[in-house]
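Please treat every number below as a calculation from the coordinates, not as lab data. The model shown is predicted, which means the values in this text are computed figures rather than measured ones. No Cβ is skipped: glycine too gets one built from the backbone with ideal geometry, and neighbour counts run over all protein chains shown.
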Amino acid sequence: MATAPRSRARDGGAYLCASCEATSLQWAGRCPACGEWNTLGPAPLRRGNAKSGKGAEGPPALALVDVSTDGTHPLPTGVSELDRVMGGGVVAGSVTLLFGPPGIGKSTLLFQVLSSLAATGLDVMLASAEESLAQVRGRASRIGLVPRNLLAIEGPDVEAIEAAVERHRPALVVVDSLQSISDPELGQPAGSLAQVRACVERLTRMAKSTGAPLLLVGHVTKDGDLAGPRAVEHLVDTVLSFDGDRHHALRVLTSVKHRFGPAGEVGIFEMRDDGLRAVPDPGPLLLGDRMAGVPGSVVVPVLQGRRPLLVEVQALLGPGAGGGTGPPRPQTLGIDAARANLLLAVLACRTAVEIPASAQMFAAAVGGITVTEPAADLAVALAMASVITDVPLPPDVVVFGELGLAGEVRTVPGADRRLAEAHRAGFTRALVPASMASAPAVAPAGLTVHGVRTLAEALSLLKSEAGARGAPGTMPVWPTAPAAASL
Ligand code: TYD
Ligand code: MG
């Protein structure tokens, strides 16, 4: 178990806190260690312990190799995708912030953690400041298990939460949510920055002193109000983001910060009527309804954190409003609209594909996934080219690569992971940046890798392929690109 802050950093500072005896090099109205106001005063010049007054030595530096790592071993929660993201589970005394938009499933996820741990016989506690216990109980019965050693306390008072934790000493505490708890002494409304900070500081001290891992829920609104949860990121050990499209079942859990293991790990869940289900293989969920061989559909292996996901990118050409000068900006879902516009311009200027003057281009990432990676550029551009020319891509091909304004296909990270995932899902060919295709042993056996230098070259390669297959469609031939090298 970690030690309380009280015992730390007593020596050498210029100001001493009358309450917790922490020292600080700078004067502040409020002690940065314990949060008490007007307690900092000049510290006597000394080396050693102020209490004893003997000028004793401070704590000696330790050989790092001798420092014990006991207590940093994670406790598995039993929710497999969460354990994967947290490097095995929750660490004693650690504080984790789970943030995401309202309604995405944060309360559901943490309830499942509580119930899964309680089912192993451990006492766990939910502090519900947002929902009444009757509401929580309602959700609980829908999900199924309500073990007897799952304790719950209702209400916003952070002091009451501390007292309940002190009393019951649970093995894990969930506080839902950060924005709805408050310290009554502070005289500020719940959710204000001062309250959120003060409550996190208090609860962090509680976690450190009791050793109970603490999971905190924080809401983030869609219009980017990150102020609340983001303002306390530095105070906590782990920050997890929980995201997805509310209208789709897929939920993505990502570790944004993790003090006990690598950040960037991704867990995938499906929201069902009976709660969240871990999805170790999201392939069927993402590509299950795909109509391969339809013009405008391209599959790209994107990386969510370190984890590859196969995402279908689709394009559609609809009737335009007319009267404008040039093609209207593409409308997008799950793809950055400005990026799609740029890719359409690259397609228009660097290949022979002619963009219909007034038709409206639509582009979407399927499955509620938001694709932000430049690695999806080539797929988006090819989806648009495919729908304009009405020529489908072969169904067994995946595509990745960043596109530059000159139409060049640029290298992206993680080729090996992307190719391995494509191979695992049964794809047999990949169009990749030429610079990567020559790298040794990136492709698994059974997956043929074609390197392309430019978008035009990719189109030309697919054109010869479509010609050979006698592809259906009203315009069965890809337009010849001016700069296309024959492969
Ligand atoms: P919730 O966990 O309350 O979200 P948050 O705490 O992030 O605000 O879940 C919200 C949505 O999830 C709710 O609109 C209904 C849906 N849901 C299900 O589809 N199945 C379930 O079993 C549960 C509990 C919720
Ligand atoms: Mg909730």
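Could you compute the net charge surrounding PRO76? Neighbours are other residues with a C-beta less than 11 Å from the C-beta of PRO76; K and R count +1, D and E count -1.
Details: positive: ARG84; negative: ASP83.
Net charge in that neighbourhood comes out at 0.
Computed from Cα positions, the angle between helix 337-350 and the longest principal axis of the chain comes to roughly 30 degrees.
DSSP bridge analysis restricted to the chain gives an antiparallel fraction near 50%, rounded to the nearest 5. For the chain, the C-alpha radius of gyration divided by 2.2 N^0.38 Å, with N the number of residues, is 1.21. Sorting LEU97, LEU447, LEU405 from the fewest to the most surrounding beta carbons within 10 angstrom yields LEU405, LEU447, LEU97.
For region 295-368, a Kirkwood radius taken over Cα pairs fed into Stokes-Einstein (37 °C, viscosity 0.692 mPa s) yields D = 246 µm²/s. For region 151-249, the ratio of Cα radius of gyration to the globular rule of thumb 2.2 N^0.38 Å stands at 1.10.
Taking amide H positions as modeled 1.01 Å from N, with prolines and chain starts lacking one, the residues under 5 Å from LEU172 and 5 or more places away or on another chain are MET125.
Taking other Cβ atoms within 10 Å as a rough exposure proxy, ILE153, ILE268 sort from fewest to most as ILE153, ILE268.
For the chain, the longest principal axis of the Cα atoms and the long axis of helix 415-424 meet at an angle of about 70 degrees.
Legend: ranking of residues MET436, MET384, MET291, MET271 from fewest to most surrounding C-beta atoms inside 10 Å; resulting order MET291, MET271, MET436, MET384.
Between the helical axis of 158-168 and the longest alpha-carbon principal axis of the chain there is an angle of about 80 degrees.
Looking at the square roots a ≥ b ≥ c of the eigenvalues of the Cα gyration tensor of region 284-428, which shape do they give, rounded for a/c under 1.5, prolate if a/b is larger than b/c, or oblate? Prolate, because a/c is 1.5 or more and a/b exceeds b/c. At full extension, ALA119 and THR72 could sit 14.6 nm farther apart than now, given 0.36 nm per residue minus the alpha carbon distance. Over all other residues within a Cβ to Cβ distance under 15 Å of THR332, the charged ones net out to -3, with Lys and Arg as +1 and Asp and Glu as -1. What does the C-alpha gyration tensor say about the overall shape of region 207-306? Classify as rounded when a/c is under 1.5, otherwise prolate if a/b is larger than b/c, or oblate. It comes out prolate by the Cα gyration axes. I want to check a number: in the chain, how many lysine pairs have alpha carbons closer than 29 Å, given a sequence separation of 8 or more or different chains? Lysine pair count for the chain: 6. Isolated cysteines in the chain, defined as those with no second cysteine Cβ under 4.7 Å, comprise CYS199, CYS349. Between the C-alpha center of region 421-467 and that of region 327-404 there is a gap of 18 Å. For region 141-152, putting each phi into the Karplus relation 6.51 cos²θ - 1.76 cosθ + 1.60 with θ = phi - 60° gives couplings of 5, 5, 6, x, 7, 10, x, 5, 8, 8, 9, 9 Hz, in residue order, rounded to whole numbers and with x for Gly and Pro.
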